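The values are calculated or read from the model by the stated rules, or taken from the named source; none is laboratory data. Just so you know, these numbers come straight off a predicted model, no measurement behind them. Virtual Cβ from ideal backbone geometry, glycine too; neighbours counted across all protein chains shown. The accessibility values were calculated without ligands, DNA or RNA, using every heavy atom of the protein model including side chains. Shrake-Rupley method; radii C 1.70, N 1.55, O 1.52, S 1.80 Å.
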Amino acid sequence: MKYFDFYKNTSYIWRRALTRVGLVLVTVVLIVWFLPRREGSQYVYDVDEPWRYGDMIAQYDFPIYKTEETLAMEKDSVLKLFVPYFDYDKKVEARVMEKFDQDFAGGLPGLPAEFTAVVRNRLHRLYQTGIMETPLFNSVHRDTTSMVRVVVGKNVEQMIVEDFYSTMSAYEQLLSDESLSADRQALQRLNLINYIEPNLVYDKARSETAKNDLLGTIPPANGMVKAGQKIIGTGEIVTEERYRELVSLEKEMNRRGSSMEQVDLNFIGNALYVLSFVIIFTIYLTLFRNDYFNKPRNILMLYALVTIFPIMVSLMMQHSYFSFSVYVLPFAFTPIFVRVFQDSRTAFITHMVMVFICAAALRYQFDFIVIQMLSGLVAIYSLREMSSRAQVFKTALLVFIATCFTYFTLRLMQSGTTFNLDASMYSHFMINGVLLLLAYPLMYVVEKAFGFTSNVTLIELSNTNGVLLRRLSEEAPGTFQHSITVSNLAAEIANRIGANSTLVRTGALYHDIGKMKNPAFFTENQQGGVNPYDNLTDKESAQIIVEHVVNGVKLAEENNLPVIIRDFILTHHGHGMAKYFYIKYQNEHPDEIVDKEPFTYPGPNPYTREQAILMMADSCEAASHSLKDYSDESITKLVNQIIDGQVDAGFFTEAAITFRDINEAKTVLIDRLKAIYHTRIKYPKLNR
């Protein structure tokens, strides 16, 4: 037997360890897979800022590359010398003239017969001069000295654009000819524009070759840095010249380091970095929040949050979606959700692990880490529980303000001789704040996906106009009033000892819903008359009493109540007994060894402070109705007797409740029951 227990415990330990190792590995693989593959060294620096790293010494010769702005200016300057090529196509005139002759074989309508030859001659002159498409003509005609190269057969001749016509200017020239201008209106009706086509065609191949030859004359660099030369030292200011040298060095390092070996080293570094943080996170949960591992869906949410945001950051860094920075992502979702559903310390640890892992995909890590750390702290402090839309709006506003202020202070710290506010970043922070407002509707998704119950849901369930509670008030009004009183007592105890008052209030409202199946069998719903237990045995009576727990759980499942509420139904009597019928049966059968099972509630015993509070409040409130004298002494004696009996019976051994908490609960119950059953002043009668 001992060997079997040892084997069982060992198997459980190994299974638990392998589960956590698997969780760590899956998280690391997913994150590292999406992290950007960086080649070469990455540094963060800017002009007029101090160099934060060690002395930078050139390991090899490399050119000092020109800036993009300088290259753009030089390209613009060189392209002014560019002369495009055009092919002179003789076939165009022949085709058009043939069409003209066919269309006007009988002469030009409304004009003398000799006009046909004149118009044909003028068209011939236009084609001999050269005609370009109007848009193309306008693009190359920059000024009166603009040149083009005209290719005629094997000959190339450079000519002024001004010497040619566009299709529109050729048409105007035709109509304004001194021999034809007198009959301009008649000519316009003939649509002679249809007989003017460009015969100078842009030669793209020759032109692009000429353009590339010109651009090839621009050197990409001016100057060299020799091996062993010092580029910059620690603390020195990054000047324009040093900035160019540093950028050139990174380009050269990327060019030289673009090998598979470099990529492999980068991948290994990313994997070790992410693995370190995920292991630290897992160790924290094991040491301080080991109970979370007992709820797989709960622990899954933590690792999902640690995984999702680094993947989103990596995708944004690689694809530059909509030119937004990563600051638009609502990273504060992580501390908000973890704080609302779990606890503040875990919220902060989860947030920081997520932020440090995200930083691996970024270039400006220091700014990102500081800004997100502050925003996470503000989110945790400002939203301890989510019970209304106003709280979410307040948190989003405070996170936006904190983010803007932190970024502003960092810019001040990093500014040199000039200060650049970079107003565009504040629009990203505003988008982030707006997205944080989605925390309210997303709360429902998180609840359903990971099996949590938020305060929003608890508040909705505690509405007495809800279907189940309204039904309880109609079918078992006494039980309903009892539940209302117990919920108020339990909530006050929870507030006094720092437990979740919203949770215990809601659980108390539903803890006795199982009595709706047989409401008349419970004293609070009886109004005198026939006792329903007169025709039942003690065991049958006990079963009806005990079964209200099972019936309550079934009813809760049918109405889709959260598991956390069903647990209050199961534990509010624990493994206690229906003592009235047990003692009565024992007295009637003194010689029999009584089986306690039929008289015992199914349990389990309370395993949270809130469940323990409900057991104490429920027992004391129910027992208080049996008192004949509601004096301070009788109420105090009753409360102490009931709760001390529960403690002695071991009902609270699995719940994280202290003796101090229990004493506080006694004090609250005594004071509240005294207030409920206080003696009223007897009003005197009026003597007439």
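So here's what we get for this one:
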quantity	calculated
Pair list, Cβ under 8 Å, 6 or more apart: region 546-568 residue more than 22 Å from residue 454 (Cβ to Cβ), other residue outside any loop (DSSP other than H, G, I, E, B) and among the polar types (S, T, N, Q)	546/600
Close pairs from region 181-200: first without any contact (Cβ under 8 Å) to a residue 24 or more places away in the chain, partner open to solvent by less than 80 Å² (accessible area, probe 1.4 Å) and among the aliphatic types (A, V, I, L, M), Cβ under 6 Å, at least 6 apart	184/175
Single residue of region 185-200 satisfying the filter (open to solvent by 70 Å² or more (accessible area, probe 1.4 Å) and within 26 Å of residue 138 (Cα to Cα)) that is modelled with the highest pLDDT	194
Residue ID - modelled with the highest pLDDT, chosen from residues in region 45-98 that are more than 22 Å from residue 230 (Cβ to Cβ) and of a type in the set (Gly, Ala, Ser)	94
Any chance residue 634 is open to solvent by less than 40 Å² (accessible area, probe 1.4 Å) and more than 15 Å from residue 487 (Cα to Cα)	yes
Exclusive hit being of a type outside the set (Lys, Arg), farther than 15 Å from residue 565 by Cα and open to solvent by less than 20 Å² (accessible area, probe 1.4 Å), set 482, 428	482
Pair list, Cβ under 7 Å, 6 or more apart: region 58-71 residue over 19 Å from residue 47 (Cα atoms) and open to solvent by less than 30 Å² (accessible area, probe 1.4 Å), other residue of a type in the set (Lys, Arg) and modelled with pLDDT of 80 or more	58/226
Any hit, region 479-488, residues being of a type in the set (A, V, I, L, M) and either closer than 24 Å to residue 570 by Cβ or touching a helix residue (DSSP H, G or I) at 6+ places or on another chain (Cβ under 8 Å) (or both)	yes
Flag if residue 427 is among the hydroxyl-bearing types (Ser, Thr, Tyr) and at pLDDT 85 or above	yes
Residues within region 559-580 that are open to solvent by less than 30 Å² (accessible area, probe 1.4 Å), over 15 Å from residue 613 (Cβ atoms) and within 33 Å of the chain's Cα centre (by Cα), tallied	2
When residues of region 83-104 are limited to those that are assigned to a helix (DSSP H, G or I) and closer than 30 Å to residue 209 by Cα, the one least open to solvent (accessible area, probe 1.4 Å)	92
Filter result (in contact with an Asp or Glu (Cβ under 6 Å, 6 or more places away or on another chain) and modelled with pLDDT under 85) within region 201-224	none
Of all residues in region 354-371 being open to solvent by 10 Å² or more (accessible area, probe 1.4 Å) and modelled with pLDDT of 90 or more, the one that is nearest to residue 33 (Cα to Cα)	356
Count - residues of region 506-528 that are within 16 Å of residue 601 (Cβ to Cβ) and among the acidic types (Asp, Glu)	1
Yes/no for residue 594 being touching a residue at least 60 places away in the same chain (Cβ under 8 Å), surrounded by fewer than 19 Cβ atoms within 10 Å (Cβ to Cβ) and at negative phi	no
In region 653-687, the residues that are among the hydroxyl-bearing types (Ser, Thr, Tyr), modelled with pLDDT of 80 or more and in a loop (DSSP other than H, G, I, E, B)	653, 658, 677
From 379, 402, residue being at pLDDT 90 or above, closer than 18 Å to residue 452 by Cβ and crowded, with 20+ Cβ neighbours inside 10 Å	379
Residue 228 open to solvent by less than 50 Å² (accessible area, probe 1.4 Å) and of a type in the set (Gly, Ala, Ser)	no
Qualifying positions in region 453-467 - open to solvent by less than 30 Å² (accessible area, probe 1.4 Å) and without any contact (Cβ under 8 Å) to a residue 40 or more places away in the chain	466
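Rundown of residues vs (1) over 29 Å from residue 456 (Cβ atoms); (2) in contact with a strand residue (DSSP E or B) (Cβ under 9 Å, 6 or more places away or on another chain); (3) modelled with pLDDT under 90; (4) surrounded by 21 or more Cβ atoms within 10 Å (Cβ to Cβ), yes/no style:
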{"residue": "276", "(1), (2), (3), (4)": "yes, no, no, no"}
{"residue": "281", "(1), (2), (3), (4)": "no, no, no, yes"}
{"residue": "295", "(1), (2), (3), (4)": "no, no, yes, no"}
{"residue": "298", "(1), (2), (3), (4)": "no, no, yes, no"}
{"residue": "301", "(1), (2), (3), (4)": "no, no, no, yes"}
{"residue": "310", "(1), (2), (3), (4)": "no, no, no, yes"}
{"residue": "331", "(1), (2), (3), (4)": "no, no, no, yes"}
{"residue": "338", "(1), (2), (3), (4)": "no, no, no, yes"}
{"residue": "345", "(1), (2), (3), (4)": "no, no, no, no"}
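Matching residues to (1) assigned to a helix (DSSP H, G or I); (2) of a type in the set (Ser, Thr, Tyr); (3) within 60 Å of the chain's Cα centre (by Cα):
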| residue | (1), (2), (3) |
| --- | --- |
| 150 | no, no, no |
| 182 | yes, no, no |
| 185 | yes, no, no |
| 198 | no, no, yes |
| 208 | yes, no, yes |
| 214 | yes, no, yes |
| 228 | no, no, yes |
| 234 | no, yes, yes |
